[in-house]
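> Please see the structure below; I have some questions.
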Amino acid sequence: MKKYLSLILLLLQSVASHAHVGSSGVQMQAQAGVYKVLVSVTPPDVIPGTAQVSVFIENGEPQKVSVRPIYFYSGDKGAPTADPLSPVAGGKGQFQGIVWLMEWGSSSAQITIEGKQGKEELIIPVVAVSTAERSMPKGLGIGLGIVGLLLFLLMITTIGASVSDGLLKPGQSLTAARKRKRWINMGIATVVCSLILYGGSSWWDSWAAEYRQWLYKPLNAKTAVVEADSRRVFQLKIDTTNWDRRLKGSMLSTLIPDHGKIMHTFLVRTPGLDAFAHVHPDRKDSLTFEAALPDLPAGKYLVYSDIVQYSGFAETIVDTLVIDPPKAPAKVLAALSEDDTYITTDPLDAPGRAPMGENVVICGKPGTKTVFKDGSYAIWEGKPDKPLEAGKPYQLNFEIYNPDNSPCFPEPYLGMLGHAVVMRSDGSVYIHLHPSGSYSVAAEQSFESRISDTAHVAKWPKPDVFRDSIDRHLAKLAAMPTVDREIFLMQEMGMYKVTESGMTGMEHGTRISFPYSFPKSGRYRIFLQIKRNEKVLTGAFDVKVADPATL
């Protein structure tokens, strides 16, 4: 088992992609004026590179859609001109194209829609980092090497001939002096060409070394369960060993809250994915974060912690954690934050075999329902025995019902009407979804502020002052009554506006939709979270995803 977990951790660290894990594509569902828009951006794994952009406009009459990159460092003033997206033949309201991402770091794609209903813009955060190195095919390398050697010899012989054979008149033969001059010039040419090749090789090696230095390296952290005041505490300490200050700097002091929390942490027991917790560790210092540990069953857990930098650069910190049985009974639940929650459910490979208890739910699948612990339930629209297709964009639609089968209108939870965590069975894919999409709302807000800023170069705040101001803001949020806090978060994130007649903005109904594209085939578990009667409820669904060629 230890060897198995080591392999999982190695796999997670090798695929840990900036925001989320193993799922680099970004989806956004938004209302841009009268246009209801679904945007999908697939960033490149090498920078500079091209990101694939797809836009689907559900209503209105769009005539032109364009896209341009905006980098946090240079802002709107330093952004290039927009490139048009091409209409998809036979696809009403669908546009596709590419956008070049030239700068490493926090980036975004600004979408401009022009049509009969006017001109609207929206911005979708994109983390632009290099995560791969391209290797030359062996056959091509051998071929280019042979051609290069021939050109090298041809250059030397040509220079030698230019001072000997090339100067002969018809019928003349080379003299000893000219032969000597030819060999001298060929020797000089050999030295000069060799120096040129050496200089080019050194330049290339230097450039490649610099590129490798800028390859994205995920944050490392050590997680543990510690005892504090007769209760168990989850603790995360970020590891700064061998930290390159040029790349990271003081970023940990300039984190910004997302959905009112400085960190979102998910713990999922492996290998069955049969225990799940969503907690929000508080910042104790720049490197240490802590939260009360839920009453989770003992076992090995995959840990995913989401943070967002001031620049809008979102990252997921990955680790594994062993939770042992408590040494003595403790009232752990009383110490949990009202926004923290956990459940246990049936193992992925043994459906229906879940121990009964207060926080136990039974997994469903597409077309079936999952009952929450208060008797309300969710139905995932779809066919239960039909696999989904990898790489295809989906709207994951869930209908919510009260225990008496009447439609249920969920209450806001951390400023959203629903949250979902998607995980592949081996943990190699993890993503935290919202009805707005798979991007960080805090990152979107950062870019909106940056665009309104006319500075050509981003101004970085003083780390200590900024951290203190964020901590005061978080303390103020925590002291608010729940309803006031949720209204504040909804309006702060710009997703909804609260009026006397209710909420406006994104749809508020009994259906919650999450736009997502499963990156690869496999077995997945989806943890759905809503809020009802001021209680956070969590359900679980399983689904199989297949490669398009096998369907």
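> Restrict the check to segment 477-496 and report whether at least one residue is at pLDDT below 90 and in a loop (DSSP other than H, G, I, E, B).
Yes.
> Is it true that some residue in segment 199-216 is farther than 30 Å from residue 341 by Cα, of a type in the set (A, V, I, L, M, F, W, C), touching a Lys or Arg at 6+ places or on another chain (Cβ under 8 Å) and surrounded by 13 or more Cβ atoms within 10 Å (Cβ to Cβ)? Reasoning before the result, please.
As a first pass, look at segment 199-216 and keep what is farther than 30 Å from residue 341 by Cα: 199-216.
Subset that is of a type in the set (A, V, I, L, M, F, W, C): 203-204, 207-209, 214-215.
Subsequent filtering for residues that are touching a Lys or Arg at 6+ places or on another chain (Cβ under 8 Å) retains none.
No, there is no match, as no residue in segment 199-216 is farther than 30 Å from residue 341 by Cα, of a type in the set (A, V, I, L, M, F, W, C), touching a Lys or Arg at 6+ places or on another chain (Cβ under 8 Å) and surrounded by 13 or more Cβ atoms within 10 Å (Cβ to Cβ).
> Ok, one more. Going by what's in this entry, would residue 119 be described as closer than 26 Å to residue 436 by Cα and assigned by TED's automatic domain parsing to the domain that holds residue 31? Please lay out each step first, then the result.
Values: closer than 26 Å to residue 436 by Cα: yes; assigned by TED's automatic domain parsing to the domain that holds residue 31: yes.
Taking the combined requirement at face value, the residue satisfies it.
> Can you tell me how many residues in segment 427-464 are assigned to a loop (DSSP other than H, G, I, E, B), of a type in the set (Gly, Ala, Ser), farther than 13 Å from residue 310 by Cβ and over 11 Å from the mean Cα position of the chain (by Cα)?
Keep residues of segment 427-464 that are assigned to a loop (DSSP other than H, G, I, E, B), which gives 427-429, 435-436, 438-440, 453-462.
Those still in the list that are of a type in the set (Gly, Ala, Ser) too: 427-428, 436, 438, 440, 455, 458.
Filter once more, so that each one left must be farther than 13 Å from residue 310 by Cβ: 427-428, 436, 438, 455.
Cutting the leftovers down to over 11 Å from the mean Cα position of the chain (by Cα) gives us 427-428, 436, 455.
Within segment 427-464, residues that are assigned to a loop (DSSP other than H, G, I, E, B), of a type in the set (Gly, Ala, Ser), farther than 13 Å from residue 310 by Cβ and over 11 Å from the mean Cα position of the chain (by Cα) number 4.
> Right, here's the next one. Determine whether segment 443-458 contains at least one residue that is touching a Gly at 6+ places or on another chain (Cβ under 7 Å), over 30 Å from residue 545 (Cα atoms), assigned by TED's automatic domain parsing to the domain that holds residue 314 and modelled with pLDDT of 90 or more.
no
> Would you mention how many residues in segment 279-300 are of a type outside the set (A, V, I, L, M, F, W, C) and either buried (at least 23 other Cβ atoms within 10 Å of the Cβ) or in a loop (DSSP other than H, G, I, E, B) (or both)?
Step one: filter segment 279-300 for residues of a type outside the set (A, V, I, L, M, F, W, C), giving 280-286, 288, 290, 294-295, 297, 299-300.
Next, from what is left, pick out any that are either buried (at least 23 other Cβ atoms within 10 Å of the Cβ) or in a loop (DSSP other than H, G, I, E, B) (or both): 280-281, 284-286, 294-295, 297.
The qualifying residues number 8.
> While we're on this one: Of all residues being of a type outside the set (D, E, K, R) and farther than 15 Å from residue 400 by Cβ in segment 507-526, which is surrounded by the most Cβ atoms within 10 Å (Cβ to Cβ)? Just the residue, please. Talk me through it step by step, then tell me what you get.
Pass one, segment 507-526, residues of a type outside the set (D, E, K, R): 508-510, 512-519, 521-522, 524, 526.
Keeping just the survivors that are farther than 15 Å from residue 400 by Cβ gives 515-519, 521-522, 524.
Working: 515: 22, 516: 22, 517: 19, 518: 25, 519: 21, 521: 20, 522: 17, 524: 20.
Only one residue fits best here, namely 518.
> Need the failing condition index for residue 63 against (1) in a loop (DSSP other than H, G, I, E, B); (2) over 15 Å from residue 123 (Cα atoms); (3) in contact with a strand residue (DSSP E or B) (Cβ under 7 Å, 6 or more places away or on another chain), just the number.
Only one criterion is unmet by residue 63, namely (1).
> I've got another one for you. Name the single residue, out of those in segment 98-139 being more than 19 Å from the chain's Cα centre (by Cα) and part of a loop (DSSP other than H, G, I, E, B), that is surrounded by the most Cβ atoms within 10 Å (Cβ to Cβ).
Filtering first and then ranking leaves 117.
> How many residues are part of a loop (DSSP other than H, G, I, E, B) and surrounded by 19 or more Cβ atoms within 10 Å (Cβ to Cβ) when one looks only at segment 42-59?
Step one: filter segment 42-59 for residues part of a loop (DSSP other than H, G, I, E, B), giving 43-48, 58-59.
Going one step further and asking which of them are surrounded by 19 or more Cβ atoms within 10 Å (Cβ to Cβ), we end up with 43-44, 47.
Residues flagged as part of a loop (DSSP other than H, G, I, E, B) and surrounded by 19 or more Cβ atoms within 10 Å (Cβ to Cβ) within segment 42-59 amount to 3.
> Next up: Consider residue 5 carefully, then state whether it is modelled with pLDDT under 85 and either in a strand (DSSP E or B) or surrounded by 15 or more Cβ atoms within 10 Å (Cβ to Cβ) (or both). Steps first, please.
Details: modelled with pLDDT under 85: yes; either in a strand (DSSP E or B) or surrounded by 15 or more Cβ atoms within 10 Å (Cβ to Cβ) (or both): yes.
When the stated conditions are applied, residue 5 passes them.
The values are calculated or read from the model by the stated rules, or taken from the named source; none is laboratory data. The structure presented is a predicted model; accordingly, all values stated were derived computationally and were not measured. Every residue, glycine as well, gets a Cβ built from its backbone with ideal geometry; the counts of neighbours run over all protein chains shown.
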